[in-house]
Each structure stands twice: as structure tokens, then as C-alpha cells.
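Structure first, commentary second.
The values are calculated or read from the model by the stated rules, or taken from the named source; none is laboratory data. Just so we're clear, the structure is a prediction, and the values are computed from it rather than from any experiment. Positions of Cβ are generated from backbone atoms using ideal geometry, with glycine treated the same way; all protein chains shown enter the neighbour counts.
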Amino acid sequence: MSFNTLSEFIDILRRNNLLIEIDEYTNPVLEIAEITDRISKEPYGGKAILFKNTGTGFPVVTNLFGSESRASLALRHQSLEQLAYEIHSLIELLTSNQKNFWDKVKILPELRDIAKIIPKSKKGRGSSQEIIMPEPDLTALPILKLWPKDGGRFITLPVVHTIDPYTGARNVGMYRVQIFEKDLAAMHWHRHKTGARHFEKYKLLKRKMPVAITLGGDPVYTYVATAPLPEGIDEYILAGYIRKKPVELVKCLTQDIEVPEDADIVIEGYIDPEEDFILEGPFGDHTGFYSEPDYYPRLHITAITYKKNAIYPATIVGIPPQEDVYFAKATERIFFPMVKHSMLPEILDWDIPVAGTGHNLTTVKIKKYYPGHSNKIMSALWGAGQMMFNKIMIIINEDIDIHSPKQVIEAIARNYEPARDTYYNYGPMDVLDHASEQFSYGSKMGIDATQKLPEENITITKYKLPVIDASEIKEKHKEIKQINTSLIEKGIPVLIIAIEKKMKVLPWLELIWSQNQWQGIKVIVVVDDIIDVNDLFITTWLAANNIAPQRDTKIAVNTLLVDATEKNEEIDGFKRNWPDIALSEEKTIKTIDEKWEKLGFEKHIKSPSLKIKNKA
């Protein structure tokens, strides 16, 4: 299917019954997020949602990319694997050692017609500049507040354009933007991002930094802003490659920077590096927890333009699954060939589970050739691009279906001996990791679940898998509120316990393990009693978020004990603030329940926030 604009893409979704349209007034503050959260957690990601009545002149579309099929459609491919190998060829072209760009072009016959992908500058105004606000006013846009403890309203799908002041190279990234006044916002970019590096260069030069934010336009723009491209590659070359035609750019009205002419909305502004930063956040982020407030650059708005019949796109982040997991899955598929062919050919596949929220959990399938091979892969990947943020890495053999959680956990049960196969490391952590002792730096854990070679097969004493009477255990240990023995009953030596925490967990757990003769269990995970531990997805999500591996795990003989509870200073000596989980408040849930029938949905869907006990 061919389309040129966001409106045309939405029309395609409408014709294919992939869109829900809501005429009832829906408040951008909390209500749109609550509705989207319910729909996005439906099987296969639900449908896209078009909110036509937002109290502004702009409709809002959410969950636009919230399924594998819609993400593929937005990227104009039926198969992400097919697109993956095409993009790998493009990146090889752009990063090869040819003397100049035109020499590079010659090495890839598919790109003989270079005009198809190089962005073009267009004279005059674009459709994105059809209407100019007399005075820029961010409050005229239906900017969302997602969660009740958010610091304010946030633009969540901004395609942010910056320019390197030394080279003139463009960067297109995605960094959330909090609104403070009609012409003042905060630019939230992390220290590892290109936009932040551009800012540091303007700071050295003591020059104001031009910034342009676009919303909408071809959905490909949104994707390329999130793609982890090698440094120096123009994201709009990738966009042109996917579109099979160049991105047309127009100059902003008040800033010396170019943006796509077909964007729905353009927000122009500047950052003065000599100004004090502004306190931004908190924000209910894609981890499912609130990110802490921190200081970020002030963005002064100088102009807002938009096309006639513009649509405001937004995404909801929070406890997975949400829309962002499908773009993450696209990136996983698209950039796997680059890692395999340029770095580690012995890697056969990888999977970044949705419950791991991107950085917490990765499973890697390898063709194993020699002793210690798994450890080599862990070390290499922890030093590779965005994989440096990975917290828990599991390595499995080539005969396992890596995308089958059942097969992966069976491989762990079969091949993993905690005393032999657990590895620890330290390195950079995602800035959203709240469990590490230090901000953006902490421990990592590797699990070697491959079949062992003779040199690796250190003798381990085998224990019989115990029979566990959950009622008896809870009666004996009153602090234990729930026990999930379902995996043990299937022959998988993993036990999950939920407790009311009043003590330091690992010493207590080691005592419980010893008293109950649980030596046959390979992994015991303890979480707070705020979730249903029979829900393995939610349990995995919570546990992966809440551990700092070196601090929160201990090997007792041959059992990995895991403390995945919330940490605090009184019990654990943990000095950082532990964030709350992003949940809808009772008032919003009740409001949406009461208007549900008017919204036009076929069946009632309960709020996902009700699955978790809110400590507040």
C-alpha cells in the first residue's frame, strides 16, 4: 500500500478495520491515556484510536504503530526481516571504507539512482506551514498528560531536529518534551544521545541552539527518529530508503533548520546554553515506573505551524505491552543483521522480550564452538551500541526457538547450573534503571543456558525437585502471601514468592531455602505482594526492573536466590529514591468506565491498572 501523509495512513487503517474512531469528547489529561492503555493491551496490540473531539481543533491518534502488522505497514513492508536485510545493505554502504560517498554508491547496485533516497530541500513553504499561529501557544495543542503523578503534559512522539554547529550534520531523534508555558518547554535528552552532544557543542560556542520538532507526516519519520543508527548517518536517508523516494524538506520560519514539508505540526524554538536548566518530570515511562524529576534545557518556542486538517499523534508509555514495544521489536529485527554480519557471525538470533522493557532482558541464540563461548558473546554485546544498557543476558543453543518463552525457560532448567553458569559485570545502565546503586551505572548478569562442552562440565551435585505445599509454607512463614509453584509442577525448577517485606530479603530467603530443603530449585524469585505472581508476564516485568544483579542475587550451593522487592534505606541501605509504578487513579478509571458505552467499544475492557496494588 502506498501513502504519503499521516492522514493517508489513517485512511488505510480505516479501510482495513484497523482503526477505532471516537466522537465523544475525551480529555487529553489522563482520559486518552487510560483508554489507550486498555486497548493497547488487547491481543495483538488492539487497534489504532482516533479521538476526534479533544476540546481543541486537533484530533489525536494513539496506538498508531501498536501491532506488528501496523508497524510493518507504516514501514511499507510485509516482513520486518525483509526490511532488515535491505537496511543492513544501506548501512554497509554508508559506513564502508570507500573514499567518498559516490564511490560508496557504486558498491550497491540497488542504489544506483541515489536521488531516490537523498533528502531534498524545497523552496518556499511546505504543507506543514499552511497555517501559522499568530503567537506560538503550546496549550492550543491537545498535548497529553498520561499518568496522575506526571509533572505535567508531555509531547510523546516528537521528531526532534538538531544540527551539529561544526559540521552542519543533521540529527533526528526522539526526546520527550514537557510543557510549562505556552512558549516554554523542557527538552529531555539523555547524556548518551546525539542531541545532547550537539547541545554541548553549542555550549562551548556560547551560541543559541536551533531546534525544530515535527509531529505527524509520513509515519516513517517517527520510526527513523528512534532507530539506533551509527553516528553520522542522516536519518532521512534511511527514511528515503524505506519510502523509496526522498524526504522533501523546507526551512523553518524562525530557525535556521529544515523539517519535512509534509509534517502535520511543526514547533520551532531554541535553547540558550547559558540559561539555567528547568526541573522536568516526573514522567510515567516505558519501564512502567515514574522516571525521577531532573534538570534539563529550557526550550523557548518561537513559532508553531501546521497543515490544514492536521492530526496530533501521541503514544502512551507505561507498564508493557504498549505501542512502543512494536517499534522496539522492529528495531530488534532490523538491526540484528548488522550485529551478526559486522561483529558476531556466531549469533543466530536474539530476542528482547516485551516484559524486559528494552534494556532489562535479552536472550541470544548462538552456534557454540568452544568452551567459554557464551561468556565471550556476553562481553562483546555489553560493549556494542545500545546493548551496553542490557541488564540480564541469557545465552542459549541453536536448537531452541528463541521466541518461545516455554522453550527458553526449559533450556535454562536443563542447562543452567547457577554456581557454574552465572556471570556478573559492571557497566553503563539505562538512565531509567531505578534499581542500580548509582544513576546510569550498575551491575549486569549473564546466564549461560547452553549445553556444556566437556571442558565446561564441572560436576554439580544433583538434587531432587521438591514437592511444595503452598498452604503449609504460608502458614509456617506468615510474611509469605503468595507462592507460584506452577513451574515446579511442570518440572521447571523455578519458584516465585510474594511477601510482605519487613526484613532484608536475601538472608531471610537463604534461611527459608535451607529450612525447607529447597536445594533442588535452581531459581527462587521474591517480589512484593502487589501483583498476582501467577501472572508470569507481570512477574517477569517487575522482577527485571527491580534487581541490581550483583546486590540482589546470591548463590546458595546451586540455587540462585533473587531479591526483586522494592528497596529502601531503612531495610536495605538503598539511598536513591525508589519510584512509584505508573497507574491510573481511581477517579479516571471510574470516569472511563461510566462513558465506555458512549465511546463505541464492542466490549468492556477493565483498566490494566487494577492488576497492581497501588501502595499509594
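In this structure, does Arg14 turn out to be more than 25 Å from Arg153 (Cα to Cα), in contact with a strand residue (DSSP E or B) (Cβ under 9 Å, 6 or more places away or on another chain) and at pLDDT 95 or above? Even if it seems obvious, please write down each step before you answer.
On the way: more than 25 Å from Arg153 (Cα to Cα): yes; in contact with a strand residue (DSSP E or B) (Cβ under 9 Å, 6 or more places away or on another chain): yes; at pLDDT 95 or above: yes.
So Arg14 passes the test.
Do you know which residues across region 34-70 are surrounded by 18 or more Cβ atoms within 10 Å (Cβ to Cβ), touching a Phe, Trp or Tyr at 6+ places or on another chain (Cβ under 7 Å) and of a type outside the set (Phe, Trp, Tyr)? Please lay out each step first, then the result.
Our first condition is that a residue be surrounded by 18 or more Cβ atoms within 10 Å (Cβ to Cβ); within region 34-70, this holds for 34-41, 45-51, 54, 58-67, 70.
Subset that is touching a Phe, Trp or Tyr at 6+ places or on another chain (Cβ under 7 Å): 45, 58-60, 65-67.
Within region 34-70, Gly45, Pro59, Val60, Gly66, Ser67 meet the criteria.
Would you be able to tell me the number of residues in region 520-535 that are closer than 21 Å to Pro418 by Cα and not small (Gly, Ala, Ser)? Let's see the steps before the verdict.
Here is the first cut: in region 520-535, the ones closer than 21 Å to Pro418 by Cα are 520-527.
Filter once more, so that each one left must be not small (Gly, Ala, Ser): 521-527.
Total meeting the criteria: 7.
Enumerate the strands (runs of 3 or more DSSP E) found wholly within region 390-492, keeping only those where 2 or more residues are more than 15 Å from Val364 (Cα to Cα) and in contact with a Phe, Trp or Tyr (Cβ under 8 Å, 6 or more places away or on another chain).
Values: elements: 392-396, 422-428, 441-448, 480-484.
Qualifying strands (runs of 3 or more DSSP E): 422-428, 441-448.
Quick one: in region 398-441, of everything that is of a type in the set (Gly, Ala, Ser) and over 19 Å from the mean Cα position of the chain (by Cα), which residue is surrounded by the most Cβ atoms within 10 Å (Cβ to Cβ)?
Looking only at region 398-441, we keep the residues that are of a type in the set (Gly, Ala, Ser), and these are 404, 411, 413, 419, 427, 435-436, 440.
When the remaining residues are screened for being over 19 Å from the mean Cα position of the chain (by Cα), the result is 404, 411, 413, 419, 427.
Values: Ser404: 12, Ala411: 24, Ala413: 18, Ala419: 14, Gly427: 14.
That would be Ala411.
Among the listed residues Ile473, Ile392, Ile483, identify the single one that is touching a residue at least 40 places away in the same chain (Cβ under 8 Å), on the phi < 0 side of the Ramachandran plot and touching a Leu at 6+ places or on another chain (Cβ under 6 Å).
Working: Ile473 fails: touching a Leu at 6+ places or on another chain (Cβ under 6 Å); Ile483 fails: touching a Leu at 6+ places or on another chain (Cβ under 6 Å).
Only one candidate passes the filter, namely Ile392.
Among the residues of region 143-201, which ones are of a type in the set (S, T, N, Q) and under 23 Å from Ile311 (Cβ atoms)?
Of all residues in region 143-201, those of a type in the set (S, T, N, Q) come to 156, 162, 167, 171, 178, 194.
The answer is Thr156, Gln178.
So which residues in region 354-382 are under 18 Å from Pro228 (Cβ atoms) and assigned to a loop (DSSP other than H, G, I, E, B), if there are any at all?
Answer for region 354-382, where residues must be under 18 Å from Pro228 (Cβ atoms) and assigned to a loop (DSSP other than H, G, I, E, B): Thr357, Gly358, His359, Asn360, Trp382.
Is there a residue in region 15-23 that is of a type in the set (Val, Ile, Thr), under 20 Å from Gly216 (Cα atoms) and touching a residue at least 60 places away in the same chain (Cβ under 8 Å)?
Restricting attention to region 15-23, the residues satisfying the condition of being of a type in the set (Val, Ile, Thr) are 20, 22.
From the residues that got through so far, the ones that are under 20 Å from Gly216 (Cα atoms) too are 20, 22.
Cutting the leftovers down to touching a residue at least 60 places away in the same chain (Cβ under 8 Å) gives us 20, 22.
Yes, region 15-23 contains at least one residue that is of a type in the set (Val, Ile, Thr), under 20 Å from Gly216 (Cα atoms) and touching a residue at least 60 places away in the same chain (Cβ under 8 Å).
Take Val250 and tell me if it is over 25 Å from Gly385 (Cβ atoms) and in the same structural domain as Thr305 (by TED's automatic domain parsing).
Numbers: over 25 Å from Gly385 (Cβ atoms): yes; in the same structural domain as Thr305 (by TED's automatic domain parsing): yes.
Spelling it out, Val250 is indeed over 25 Å from Gly385 (Cβ atoms) and in the same structural domain as Thr305 (by TED's automatic domain parsing).
Specify which of the listed residues (Ala411, Ala384, Ala449, Ala380) is more than 30 Å from His192 (Cβ to Cβ) and hydrophobic (A, V, I, L, M, F, W, C).
Working: Ala384 fails: more than 30 Å from His192 (Cβ to Cβ); Ala449 fails: more than 30 Å from His192 (Cβ to Cβ); Ala380 fails: more than 30 Å from His192 (Cβ to Cβ).
Just a single option satisfies the conditions, and that option is Ala411.
Of the conditions (1) in contact (Cβ under 8 Å) with a residue 40 or more places away in the chain; (2) aliphatic (A, V, I, L, M); (3) farther than 20 Å from Thr553 by Cα, Met503 fails just one. Which one is it?
Exception for Met503: condition (3).
Just to be sure before I move on: is Lys203 touching a helix residue (DSSP H, G or I) at 6+ places or on another chain (Cβ under 6 Å), surrounded by fewer than 19 Cβ atoms within 10 Å (Cβ to Cβ) and farther than 18 Å from Asp264 by Cβ in the structure I sent?
Values: touching a helix residue (DSSP H, G or I) at 6+ places or on another chain (Cβ under 6 Å): no; surrounded by fewer than 19 Cβ atoms within 10 Å (Cβ to Cβ): yes; farther than 18 Å from Asp264 by Cβ: yes.
When the stated conditions are applied, Lys203 does not pass them.
So if I check each of Lys590, Lys613, Lys606, which one is among the basic types (Lys, Arg), surrounded by fewer than 15 Cβ atoms within 10 Å (Cβ to Cβ), in a helix (DSSP H, G or I) and not assigned by TED's automatic domain parsing to the domain that holds Glu437? Before you say what the answer is, go through the steps one by one.
Details: Lys613 fails: in a helix (DSSP H, G or I); Lys606 fails: in a helix (DSSP H, G or I).
The conditions single out Lys590.
Read through the list (1) over 24 Å from the mean Cα position of the chain (by Cα); (2) of a type in the set (Gly, Ala, Ser); (3) modelled with pLDDT of 95 or more, then give the number of the only condition that Gly216 fails.
It is condition (1) that Gly216 fails.
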